Structures are given as structure tokens and as C-alpha cells.
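Enquirer: Quick one: the structure is below, questions incoming.
The values are calculated or read from the model by the stated rules, or taken from the named source; none is laboratory data. Nothing here was measured: the structure is a model prediction, and the numbers come from that model. Please note: Cβ atoms are built from the backbone with ideal geometry, for glycine as well, and neighbour counts cover all protein chains shown. Please note that ligands, DNA and RNA were not included when accessible areas were found on the heavy atoms of the full protein model with its side chains. Shrake-Rupley method; radii C 1.70, N 1.55, O 1.52, S 1.80 Å.
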Amino acid sequence: MTEASSAHSSRRPHWRRDIVELAALFTAVAVADAVANTVVHGPRGPVLLCSAAVALLATAGFHVWWSRRHENAPPPTDTGATAPSSAGRAPGADGQETALWRMRTTVQDEPGSLAALCTALGAHRVDILSLQTHPLSDGTVDEFLLRAPGALTPAELTRTVAGAGGTHSWLERADAHDLVDAPTRMLGLATRTALDSAELPLALRQLLGRCTIHSVPARSLRGQPLAEQVPTEGVLEEHLMKFRDPSGGSLTIERPQLPFTPTEFARVRALVDLDARLGQRVPPRRDVLTLPEGNEITVRRADTSDLAAAREMHDRCSSKTLGLRYHGPVGDADRYLGHLLSPRFGRTLAVETASGRLVALGHLLWDGDETEVALLVEDAWQQRGIGAELLRRLVTMAAEAGCESVYAVTQASNTGMVAAMRGLRLPLDYQIEEGTLVITARPSGRPAAREPQESIRLHDGSARR
């Protein structure tokens, strides 16, 4: 029934109601006539009149009170039920196991194509938690974050998408970190990059997923050109992106399993431009530690401003120490420092004495999909726990950055490095080839804490400044 027809029926005359109203009117007239005769001719007329007035006033007062009490009451059709919440259902809220998936698929750029895909996913009880669109010249790449029933296999999910018109689909497992929306994620990555130059490769990997990132310096250790000339605006190919590094080198990103989109290219270029505008930077944190014999040292982040102090430390190191560290001619050791101290290629920790002398360096180097760790401790400061402390901190950094493995290249005779790696109490893999030993640690989390008597103590309160 429409609103107009309902209003018309409410105004329709009813003869039964009219008869009742007339009967009530005649009865009221008869009662009023009887009361009037009683008041005029009876001995207690004034008393009855006053009583009637009091009763009338009481009735009127009660009616007013009752009306005000119920004037804000809901209409009879309002059941008082609360509207269902629009918040997303929690994983497993219905008692069934669920799984998070990241999915990309290409659909035709025409009305209804996305709706058909969403309908097909909904038929399998798949929740769409987020959606990003990447426009292309001949279609649209849609990126979904899905919560699917645990019993739904990847093959079934892919067939469902293909049946709804999706092509070139790609699917991988997601985790809770992917629940952050795209603008919030970009702001977080930009903040990380702004605070630390070494965060750029990690931020790009988090933004793009599984990819390989290569930072190529402008020149080799012997001064030969290495990096190709990349246009200022960068280069976008199907599975390759290239950008110009602020130091004159180049930054290359590869992802064979999934093509890059113009939207991703624009996001990466924004982060690279931000890094170039801010210049080289490292966090100013400094930790003051106490060695077992009572000497105090300071551990801090290092960069290329420490180049002169690092060369002086090289001059104080023996040929054996430099040979174990650089695995080559001792005369070439100084040439590596510019690369090692650059935040573009990783993170470096420096150890200073109370007088400000640099006595040790620890490097965490981004090597494509892998991460290398390396140590150099001045001869006079070896066997004091400095190398083990640096290694523990570097591996912890790698774990926080999401690195699956960390490897160290040394010689089989370098018992100090082998002992330090074992001291991490992590799963280790060993590979020996022609006297070169590669030890790989797999940090599933922070390294286990060592016994108090073996560790370097961190001052309480004044440890950071």
C-alpha cells in the first residue's frame, strides 16, 4: 500500500463511530441536566459544585502529566532494536577457521565487471576487507585483501575469480600487517624513510611484496663507472623499475612473478624523491655500555661522516685482522669504507671509547634478497665481547626488518667469528668452499639473551642520551 492510499483510507467516514458519538453526547446532556437540578434544588448544592471543580482540576492535571511523560515515546512500530554494526566480522567469529589472502586480478574496464567478481566471491563466503584499483590502458588491476574460509583452497579461489572474468590472477597468503589501508601504509613508510636512509630498501620491499632490490654505486672501488645513466623520471618496464640514486648510482627493483603497475611506480618514485630531498641521515641514538673489565664504550649508528675515523682505525689494525675481514689485499681495505658506511647499502654500528676513538665497526648489508653481516674490531679491543655485542644487535636489526636469514663470510680459521655466530643461539647453516666459510643464521625473532656474566651491561637511566 502506498502512502497516498493509506492517508485516503484513514479519512474514510465510518457510520458506526458516528452513532456512538451521538449516544455519548445525549448521555452527557442527561447527566449534566441531573447534576444541575441537584445543585440548584439540593441542600448541598455548593458542596457538590466545589467537589466537581476539584475533581475536574485533578483530572486535568493528571492528563497533562501523562501526556508529558509519553510525548517522546517511540511510535508503536519502533521495536527498539539496534541497527547491526557495520564493523567487519572478526576472523573465526562464526567458529570456522579463516585465512587471509592478497589477490590481484585484471578485469575489463566496463560497468558491472567488478560487481560480478564481488558477487562470485560472496557466493563462497569470502569477505573483501580492502580493495585497491590500478588503472591500465586496457583494463584495471584490482588488488584485494580477502578473508576466506579455511576450507577454501587457493585453486578453488583462483577458479572462482577466473569464472567471474578475472585474468592474470595472482594469489599469496597475507598476514595482520596487510590489514592497514593503503594511505596509512604509505604515510608509515614515508615516516620510516624520512628518519633513516637505510630504511628505503626495506620500505620498498614492504610496499611491493616479494621483490629484489639492487643499489649500484656510481663507480667501482677502482674508480670505474658502474651504474647506468637512469632518466630523472625513472624507468618502468613490465617486471622492472629503475631510479636514479641521489649519490649518482642507480636503484633497480625486479619482481618476476608479478608485473608492476603505473600506480606502484608512482608510489615508489614518491619515496625515492623523498629520500633524495632529505639527504643522508641516521637516527642519533647512542647506547653507553660497560665492558666486563669496567671500561665504558658507546654504540651508535655510523655513516660516511665517520670515514676519516674508520681509516685511522684501519691504520691501527694488523694485516691479519684486515685480511680476515675483507678477504683480499689489505691495501684495498680503505676503498670499501665509502660503500660500507653509506646508509644506502645497509646499516653500520660504530663503537667508540670514552675518549671518542673509533675501535669497532659492524655492518648489516642489503644484498638483494639476502642480508650480510660483517665485523671489524681493532686488535687491542678484541676478546672483550665487543664483536659478540655488535653481532647480536645487527641480527636483531635484521629480524626487526623482516630478514629471513643473515649470513657471514669469513675464513675457517676465524674462530672468533664462528664463536660469535654460535653465541646467537639461532639455527645455523655452514658452507665451506676453498677455505671460505659462509655461516647463515635464521632469526625467527630476537636472539636469545645470554647469561649475565657473558653479556655487556647496559646502564639504566643514563644509557641513552
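Enquirer: How many percent of all Cα-Cα pairs in the range 180-276 sit more than 22 Å apart?
Expert: Looking at the range 180-276, the distances longer than 22 Å represent 27 percent of pairs.
Enquirer: Taking the Cα centroid of the range 254-301 and of the range 118-157, what is the distance between the two, rounded to the nearest whole Å?
Expert: Centre-to-centre distance over Cα atoms comes out at 33 Å.
Enquirer: Given Cα pairs under 8 Å that are at least 6 residues apart, what percent is the relative contact order of the range 284-439?
Expert: Contact order relative to length: 18 percent.
Enquirer: So, one more: Starting from the range 159-229, pick out the trypsin sites (Lys or Arg not before Pro) whose DSSP state is loop and whose Cβ has at most 16 other Cβ atoms within 10 Å.
Expert: Taking the range 159-229 and a limit of 16 other Cβ atoms within 10 Å, the loop trypsin sites (Lys or Arg not before Pro) found are Arg210, Arg222.
Enquirer: Let me ask something additional. Using R₀ = 51 Å, calculate the FRET efficiency as 1/(1 + (r/R₀)^6) where r is the Cβ-Cβ separation of Val235 and Ser355; round to 0.05.
Expert: 0.55
Enquirer: To continue, here is another question. Could I have the simple spin-label model distance between Val180 and Glu156, label points 7 Å from Cα toward Cβ, reported in nm to one decimal?
Expert: 3.3
Enquirer: Mind checking the per residue accessible area of the range 106-212 for me, 1.4 Å probe, whole number of Å²?
Expert: Dividing the accessible area of the range 106-212 by its residue count gives 50 Å².
Enquirer: In Å, what Rg and Dmax follow from the Cα atoms of the range 294-365?
Expert: Calculated on Cα positions, Rg and Dmax stand at 12.1, 36 Å.
Enquirer: Let me ask something else about it. Apply the a/c threshold of 1.5 to the C-alpha gyration tensor of the range 284-439 and tell me whether it is rounded, prolate or oblate.
Expert: rounded
Enquirer: In nm, to one decimal, how far is the Ala308 label point from the Trp170 one, both placed 7 Å along Cα→Cβ?
Expert: Roughly 4.8 nm, to one decimal.
Enquirer: Okay, moving on. Which value in nm describes the separation of the simple spin-label points at Leu195 and Arg316, placed 7 Å from the Cα toward the beta carbon?
Expert: 3.2
Enquirer: Still on this structure, please answer the following. Multiply the residue gap between Ile128 and Gln206 by 0.36 nm, knock off their C-alpha separation, and tell me the result in nm, one decimal place.
Expert: Extra length from Ile128 to Gln206 when fully extended: 26.0 nm.
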